[in-house]
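The values are calculated or read from the model by the stated rules, or taken from the named source; none is laboratory data. In this text, all values refer to a predicted model and were calculated from it rather than measured experimentally. Every residue, glycine among them, receives a Cβ derived from its backbone with ideal geometry; neighbour counts consider all protein chains shown. Remember, those area values only see protein heavy atoms, side chains included, never the ligands or the DNA or RNA. Shrake-Rupley method; radii C 1.70, N 1.55, O 1.52, S 1.80 Å.
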Amino acid sequence: MSDLLSRKLGAPGFAAEIYVKELTQSTVGGHDLLQHRQKIQALSEETNQYLKKNVYQNYMQFIETAKEISYLESEMYQLSHLLTEQRSLIVTLLENSLLGDKAPGLRGVEKPETKAKFNAEIAVNLNVNNQEGRKRLTALLEKVEGCASVVESLTRILIHEGDMVELDPSDNCAIGRVRGFLLNDSFMIASWLPNKRGNMRYQYQALYELEGLAVINIRDLGPVKYAFKLMMFPDTRVLQCANSSDKKEWLEAFDLAKHFKIKKEVSPTLSAETKDNSYDESFNPFAEDESFTGFQNGSESSQEVAESIPDWVVEVADDMDVYVAQRDFEEAVSLAEKTRDFWDGASPSLINLHRDLKLKIDSRIRQLSEVLMNELRVSPDKSLQGGPRAASRAVLLLSRLGQASQACDLFLKHRSALLKHNLRQLKTEGATTLYIKRITSLFFPFVADTGREISRVFPKNKVCASAFVVWSRNEVGKFGNNFRKHVFTSGSTLTTVAECVALVRSHSEQLIEIGLDLTFYLENELRGQVERCLRDAREKLMESIKLRALEDKWRPVNLVNKSGIARFADDMSEIGIASIHSWVYDECWVALTSNTINFSKAYLTFLDDALKMPSADSNIFVDDILLDIFQAQLKHVENSFRSGKYKGEAKFISRNASFLLHTVLALAQLRVSEVRLHPCPSFAKLRSEFEWLAYDSQKITTTIKSPVSDQSFI
């Protein structure tokens with residue numbers, strides 16, 4: 001049956017609506033439909049398990065395939081780049097001649113006047129000795145924030161610049177407005193600052209070298225017009241110009257910049273070959289200064305050898321591209337550290353001689369840092385399945401690259417997103433206390449683990465420790481808002497609120513283990529709502545005291561039989577009064593009024609809840625509430641005792657007053673002392689004020705048996 005059902009559901013022309021319609025017509029009653037639904041659900045679970053097993057079995061193959069694809073992509077990119085360089089080299093060789101004229105195939109080519117004028121301007125800007133282009137590049141320090149490293153090269157000049165709009169390569173949606181700066185050896189992109197700061201208008205984004213940059217023209221199709229694509233492994237960016245003329249100028253500027261760069265690299269080689277093929281006086285056998293010439297050439301060659309660098313340094317940029325493509329970030333970072341140690345130990349003359357190579361390697365290191373930062377950045381379309389291990393790996397590598405502060409900031413943002421994701425997975429179904437227990441069991445250990453991870457990755461880093469404290473405080477504030485939204489509602493009882501607050505307080509002590517105590521800040525976040533709940537509970541108790549006082553007839557309670565006495569003893573034992581049998585006489589009578597019994601239960605329950613919630617700063621507030629409630633009940637006893645309406649029940653009234661003062665109030669004093677480790681002076685003052693009500697409580701009439709002890713409550 002399951003095979004038949006699976007074949008039917010997996011048929012190419014399967015339509016769910018037709019299938020359900022036929023099923024409802026062929027079945028009778030809801031029982032058959034329910035059975036069929038269970039079969040479909042079982043088939044779905046079986047399919048899910050099958051797919052999971054296939055994923056697990058082929059997981060390593062997926063990883064290897066992804067690595068191979070990345071490696072092939074890098075090889076294809078390098079091959080395309082080599083073909084472009086060879087084409088440019090051939091064109092340059094055709095244009096250059098030993099006699100100074102152009103090749104025959106290039107003599108008759110003429111360009112339009114406007115294009116020739118623009119190319120002439122670019123050619124002038126490409127002159128290394130052009131002071132105007134150097135001044136324009138230096139002026140970028142005042143307009144572009146973070147471009148100091150770009151201006152360091154003395155041979156670098158600014159050729160062309162302009163505003164463009166960056167598009168998303170996947171869906172061609174506008175990302176933002178950017179500013180492009182074409183240099184004689186590289187291309188820089190800067191984004192517009194939202195808030196202008198003085199002369200600063202742009203924020204440095206990236207710098208791409210021309211030898212590793214491929215410029216591809218994009219046809220105008222649909223809404224995408226006047227755009228071109230920049231490909232530089234492993235990134236791809238799409239830029240859109242304002243009109244066709246701007247796009248044409250940018251493409252021509254890129255072509256001419258690459259052309260002149262290749263020509264500059266080829267020209268020294270051609271001149272050297274020409275010099276070797278020409279007549280050299282040093283080879284004249286009749287020359288008199290042959291020995292001196294040989295010594296001079298030997299000194300120059302020895303200087304070149306002394307200033308040479310190892311081959312592995314020359315290949316660092318290409319090796320880092322391969323490591324990044326294979327996602328072997330550990331090897332890339334190790335290579336960057338090795339290169340940094342080499343440049344630190346190099347002489348200033350060697351660094352100046354190979355400044356361009358150093359800048360190229362620094363650019364690759366910045367790209368590696370950006371890739372690692374993207375591992376930590378969180379976006380709506382990016383999954384968090386990497387988990388804390390992947391984040392910790394990226395943070396460790398960034399700290400090794402000297403990006404500790406940025407790594408710490410991104411790591412904390414990643415942890416915030418992960419915490420938010422985990423909290424959203426918790427369902428709010430069921431009792432409020434159970435939900436609060438789940439979120440507190442998740443939140444505080446998560447913050448504590450984050451603190452331990454910060455201490456492990458950034459040991460003795462005060463800046464990162466301060467950032468973690470600020471992050472923890474912000475997260476506790478968010479937790480407090482969520483807590484107030486679910487706990488302090490109109491339907492929540494004081495007992496529920498007290499249990500939830502006690503849970504938060506007990507779990508917050510986990511942060512003290514890592515040296516972070518945010519208990520005061522958390523209690524300050526909840527203090528207003530807690531005091532409001534206590535005031536509302538006080539008003540309800542005061543109102544109930546007034547209502548019971550109107551109905552109080554000062555009569556003992558009859559519990560009918562021994563089972564009633566047993567239930568009554570259990571109820572009183574739950575609130576802390578264990579020896580209630582001393583107040584029972586004639587087997588089923590209790591020498592207390594129902595008003596006194598109900599007040600004792602309500603007051604001691606309120607006392608337990610109130611002691612769970614407040615902090616040390618709120619003790620006075622809680623003491624005032626407890627004192628007001630108990631004083632209201634004793635005032636009722638005093639008024640009844642002084643009025644002539646209950647003269648015959650004076651001894652019974654004193655007996656109830658004795659129970660309130662010597663049992664209930666004494667028990668309240670004991671519980672407060674256990675929680676606060678010191679007694680409450682207000683209770684002692686209240687007891688001394690109303691002690692006269694119970695002065696003759698030991699003189700009981702013949703209808704009431706004398707209790708064993710008035711103060712036995714444990």
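Within the stretch 566-592, the set of residues being part of a helix (DSSP H, G or I), open to solvent by less than 20 Å² (accessible area, probe 1.4 Å) and modelled with pLDDT of 80 or more comprises PHE568, ALA569, MET572.
Taking the stretch 510-528 as the range and being loosely packed, with under 14 Cβ neighbours inside 10 Å and either at pLDDT 85 or above or of a type in the set (A, V, I, L, M) (or both) as the test, only ILE512 passes.
When the test is whether a residue is among the polar types (S, T, N, Q), closer than 21 Å to CYS533 by Cβ and not in a loop (DSSP other than H, G, I, E, B), THR605 passes it.
Pairing residues of the stretch 339-368 that are closer than 15 Å to GLU315 by Cβ with residues that are modelled with pLDDT of 85 or more and open to solvent by 60 Å² or more (accessible area, probe 1.4 Å), at Cβ distances under 6 Å and at least 6 apart in sequence or on separate chains, gives no pairs at all. Just the residues that are open to solvent by less than 100 Å² (accessible area, probe 1.4 Å) and either at pLDDT 75 or above or aromatic (Phe, Trp, Tyr) (or both), please, taken from the stretch 19-28. Result: TYR19, VAL20, LEU23, THR24, SER26. Note on the stretch 423-448: residues that are at pLDDT 85 or above and open to solvent by 80 Å² or more (accessible area, probe 1.4 Å) total 3. Filtered by the rule that a residue be more than 25 Å from ASP536 (Cβ to Cβ) and surrounded by fewer than 18 Cβ atoms within 10 Å (Cβ to Cβ), the stretch 478-509 gives LYS478, GLU509. Condition check: at pLDDT 80 or above, open to solvent by less than 80 Å² (accessible area, probe 1.4 Å) and small (Gly, Ala, Ser). Does SER2 satisfy that? In short, no. Just one of the listed residues (GLU587, GLU574) is of a type outside the set (Val, Ile, Thr) and at positive phi, namely GLU587.
Tell me, which helices (runs of 4 or more DSSP H) lie completely within the stretch 230-329 with 2 or more residues that are at pLDDT below 80 and open to solvent by 70 Å² or more (accessible area, probe 1.4 Å)? So that I can check it myself, show each step before the final result.
Details: elements: 244-277, 290-306, 311-314, 316-325.
So the answer is 244-277, 290-306.
Applying the condition of being open to solvent by 60 Å² or more (accessible area, probe 1.4 Å) and modelled with pLDDT of 85 or more to the stretch 173-201 and asking which residue is nearest to CYS241 (Cα to Cα) yields ARG177. For the stretch 149-172, filtered to residues that are at pLDDT below 80 and open to solvent by 60 Å² or more (accessible area, probe 1.4 Å), the residue that is farthest from the chain's Cα centre (by Cα) is LEU154. Do we have SER466 as over 15 Å from the mean Cα position of the chain (by Cα) and either under 26 Å from LEU401 (Cα atoms) or not in a helix (DSSP H, G or I) (or both) here? In short, yes. Of all the numbered requirements in (1) open to solvent by 20 Å² or more (accessible area, probe 1.4 Å); (2) modelled with pLDDT of 85 or more, GLU531 misses one, and that requirement is (2).
When the stretch 536-560 is filtered for residues that are assigned to a loop (DSSP other than H, G, I, E, B) and either crowded, with 17+ Cβ neighbours inside 10 Å or at pLDDT 80 or above (or both), the ones remaining, listed by number, are ASP552, LYS553, TRP554, ARG555, PRO556, LEU559. All of TYR56, TYR77 fail the test of being open to solvent by 100 Å² or more (accessible area, probe 1.4 Å) and either touching a Phe, Trp or Tyr at 6+ places or on another chain (Cβ under 6 Å) or at pLDDT 55 or above (or both), apart from TYR56. May I ask you to list the residues in the stretch 452-477 that are farther than 18 Å from GLU525 by Cα and crowded, with 17+ Cβ neighbours inside 10 Å? Hits for the stretch 452-477 are GLU453, ILE454, VAL457, PHE458, ASN461, CYS464, ALA465, ALA467, PHE468. Residues that are open to solvent by less than 10 Å² (accessible area, probe 1.4 Å) and more than 23 Å from ARG548 (Cα to Cα) within the stretch 640-679 comprise just one, VAL672.
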